[in-house]
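Report on the structure given below.
The values are calculated or read from the model by the stated rules, or taken from the named source; none is laboratory data. Bear in mind the structure is a predicted one, so any value in this text is a computation, not a measurement. With ideal geometry, Cβ positions are generated from the backbone for all residues, glycine too; neighbour counts draw on all protein chains shown.
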Amino acid sequence: MEITVLGTASIGGVPEWDCTCPNCSKARANLNLRRTRSSIAISCGDDKYILVDAGHDLKQQLEAARLTPILEKTDKTFRQSRIDSILLTHGHADHTVGLAEFCTGRSFEIPVYAPPDLLDFLFGSETRPAYFSELGRLAKNYVVPYPLSADDEITLLGEIRVRGFEVPHTKVLDNGRRYPSSTYAYEFEHKGSRFVYAPDLGAFTEELLSRIDGVELFITDACFWWNDELLRVSGIPVTSYDLGHVPMEESVKALSKVGARRVVYTHFNHTNPVIDASERYMGRVLDAGQELAYDGLKIRI
């Protein structure tokens, strides 16, 4: 498998549109420091990809990674979709609104797999349609939702086995409903190699620790470094845990003691000091034998 990291930022990207914090200011001055919203694409070495999450920046990400039509393989309509299928982790905007990019041109009826409550939130039903129920003007099913129950196994690209499993992140209402939806991490297996993708994570549950034991790769949440980071940097009295994220200063220690062979962090908030190479926090990650993802990173397992 080859994993292309399309984007590595949380919901606001880096820089965030209304911010002049140190990271945002540096990213405006240096284009190489900019980050788009988190997403990955997975292939088996051919020209088709599984897309995991679809955020605000999807079109520019597909162009930057050259996951665009191959001239020699387009038909007389000049069209080709390199996206074979889509997996969604949860209902926050930076993981879903990019579905709107599939609302034009030829209708390839791309399958979208996600937790059942997420698909209900996004698509609704024939009698109770939601926003994404009919994306385009020329056809209805530009993308086709397929509910994926926890631990159901599907095979994508003919050879990659995929299982979604619930992890804590989104808000749990008094009636037990996840708002706006449940959150899945995804486990991928191909020819005996496994990796887990969990870009938003509110706790290291026993199930998660069991899943990542022995995996070749674990790509996971790096939204904030400190639990009180938003208060420190932006004056917002909301914690990392309030927003469903384990702070990195805890993750780095916890993941040093588990059996994942390679740990790579993604989904950085613009306030996180770890993305500034001049700060000491990046060194802590590297000293722990872990890594920071960047837009465009390619990983083979």
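Tabulated values for the structure
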{"item": "Count - residues of region 135-178 that are within 26 Å of Ala100 (Cβ to Cβ), in a strand (DSSP E or B), without any contact (Cβ under 8 Å) to a residue 40 or more places away in the chain and touching a Phe, Trp or Tyr at 6+ places or on another chain (Cβ under 9 Å)", "result": "3"}
{"item": "Thr20 vs. criteria surrounded by fewer than 23 Cβ atoms within 10 Å (Cβ to Cβ), touching a Phe, Trp or Tyr at 6+ places or on another chain (Cβ under 9 Å) and not in a helix (DSSP H, G or I)", "result": "no"}
{"item": "Failed criterion for Arg82 (all others in (1) modelled with pLDDT of 95 or more; (2) charged (D, E, K, R); (3) surrounded by fewer than 19 Cβ atoms within 10 Å (Cβ to Cβ); (4) touching a helix residue (DSSP H, G or I) at 6+ places or on another chain (Cβ under 9 Å) hold)", "result": "(3)"}
{"item": "Hey, Ala41 aliphatic (A, V, I, L, M), in contact (Cβ under 8 Å) with a residue 24 or more places away in the chain and either surrounded by fewer than 23 Cβ atoms within 10 Å (Cβ to Cβ) or more than 17 Å from Tyr265 (Cβ to Cβ) (or both) or not", "result": "yes"}
{"item": "Members of region 98-129 found to be surrounded by 13 or more Cβ atoms within 10 Å (Cβ to Cβ), of a type in the set (Gly, Ala, Ser) and in contact with a helix residue (DSSP H, G or I) (Cβ under 9 Å, 6 or more places away or on another chain), listed by number", "result": "Gly98, Ala100, Ala114, Gly124"}
{"item": "Residues that are farther than 16 Å from Asp221 by Cβ, of a type in the set (A, V, I, L, M, F, W, C) and in contact with a strand residue (DSSP E or B) (Cβ under 9 Å, 6 or more places away or on another chain), drawn from region 270-291", "result": "Met282, Leu286"}
{"item": "Filter result for Ala198 (out of contact with any His (no Cβ under 9 Å at 6 or more places or on another chain), over 24 Å from Cys21 (Cβ atoms) and hydrophobic (A, V, I, L, M, F, W, C))", "result": "no"}
